[in-house]
Structure formats: structure tokens, C-alpha cells
Amino acid sequence: MATYRYVGKLLGISARLSHSGAGCGYQSATSHWLPHNPQGLNKLPQSPHWAIPGRTMFVQTQDTPNPNSLKFVPGRTVLESGTMNFAGPRDAYCSPLARQLFRIDGVKSVFFGPDFITITKSDSNMEWKVIKPDVFAAIMDFFTSGLPVVNEESKPSADTAPSEDDDEVVSMIKELLDTRIRPTVQEDGGDVLYRGFEDGVVKLKLQGSCTSCPSSIVTLKNGIQNMLQFYVPEVESVEQVKDDEEEAAQV
């Protein structure tokens, strides 16, 4: 059902020329913070809140269309601009936060958005309730440490904003991606990056919760492709491109 709601949102954007997308699929949210509980400090509450004495940080979780990915919203700025995807521990050398998250058993990949962190688990049979407490603790510990999320010399993924070197068609494609499609995808803990346009084919790279999402192909073809074709007649199809590491991980 999440797949059809997700694609429906993107198609709905195409139909409403004067409105941008609001979100993809249903997102259930739970909050994790330090409640005021003077009579039971040593007893964890039964409601879905995560309590750590001395902490006042507020963390939300949101479901994504990918059952193996969960979006964590710490209520703090994660990246000032762009996004960053860490497919494995080897990619996390430039981020103290990502390295800390990869130390948690069951974490397969980490994705940073402007104000959220998407965690993808390695084992579909492992329940989120096993992983979430460690992720909450790692996020809270990090943001109270004062360390930078990423090292100064590292750069987030380039966005899809048009450049002076782009022709009219590419500029239109990038503008649609940047202003209408990416915000919708990011609300579900993922991202989509422009990787080229050749012979009518738009090449895109999916990140975050979209990388291994069962509905990613449907999203590309029935959502993003239809929207781009609606606005840009030169677009014939949309294809997903993958890094060598992603290809190897699926073998």
C-alpha cells in the first residue's frame, strides 16, 4: 500500500501544476525524548519514548516505504546543504557520526539529509525494536559531544540545481528534480540525484531508503518518469544507475 500512496503523491504533483509535493506514503511517527518523571526515574515509560537521564534531546522516528529503512529526525540540523550516503563502514571515514552508527549491530547503511538520518538494517528478520535504542543513544551522545557531523574537508553530494553549462532541457529536468521530486523523496528518508541525460533517457541515482526499497522501480517508472515526461516531452524514460559497491552488495 505504501508503494501506491508514494507513487500517487508524485503523480498528484504532476496533475497539480501550481503545487509542489508534500510527502510520499504514510509516515507513522513516534517521539523519543526525556519525560518529566520525578517519581520513577529508574523506570522506563511504557509509551514509545526513549529516556536518558540528563538529556533533553527530542528524536522522532518515521516509517518509510522500505521496511528495512527507518528515518530518525533529531530536531537538529544534520547537514547544512546537500545529502550524504554511506553504503558501508568504509565510506564513513569522513563522518564521526556515521562511524558511531556503524558500530551498532545490524546497521547496513547510513544516509544524512538536511534534518534527518536514515538507517537501513542488514537483516530483514531483525526487529527495529532491537536496533532503535542503540541508534537513539548514539545520536544523542553525538549531538551533545559538539563534534562535527562530517569533517570540514568532506563535501555532501552535489545537488541537482541547474548550472550555466546546462542546456534548456537539462535545466528543466534538474529544476523539477530539485524543487518537486527530491523534497517528496526526502520526506521518506531517501534522495534522488541527477546523473545524466542522453538519447531521451534520464539517469538517476537513488539513495537512502530508496536504495533497496522494493517499490523503487515503481517509483521511478510510474512516479518520477511520468512527472518528467509531463513537463519535458524530450524525456522518453528514466533509468537507475548504481555504484560498483551497490552492484556487488546485491550479488
Name the residue that is surrounded by the most Cβ atoms within 10 Å (Cβ to Cβ), counting only residues in segment 176-214 that are among the β-branched types (Val, Ile, Thr) and without any contact (Cβ under 8 Å) to a residue 60 or more places away in the chain.
Val202
Any chance you could count how many residues in segment 152-168 are modelled with pLDDT of 75 or more and surrounded by 12 or more Cβ atoms within 10 Å (Cβ to Cβ)?
1
From Ile119, Ile104, which residue is at pLDDT 95 or above, in contact with an Asp or Glu (Cβ under 9 Å, 6 or more places away or on another chain), over 23 Å from Thr179 (Cα atoms) and of a type in the set (A, V, I, L, M)?
Ile104
Read through the list (1) closer than 16 Å to Gln186 by Cα; (2) not in a strand (DSSP E or B), then give the number of the only condition that Ala92 fails.
(1)
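Yes or no, residue by residue, for (1) within 16 Å of Thr61 (Cβ to Cβ); (2) over 16 Å from the mean Cα position of the chain (by Cα):
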residue	(1), (2)
Ser95	no, yes
Arg103	no, yes
Phe111	yes, no
Asn125	no, yes
Trp128	yes, yes
Ile131	yes, yes
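The values are calculated or read from the model by the stated rules, or taken from the named source; none is laboratory data. This is a predicted model, so every value here is computed, not measured. Using ideal geometry, Cβ is built from the backbone for each residue, glycine included, and neighbour counts are taken over all protein chains shown.
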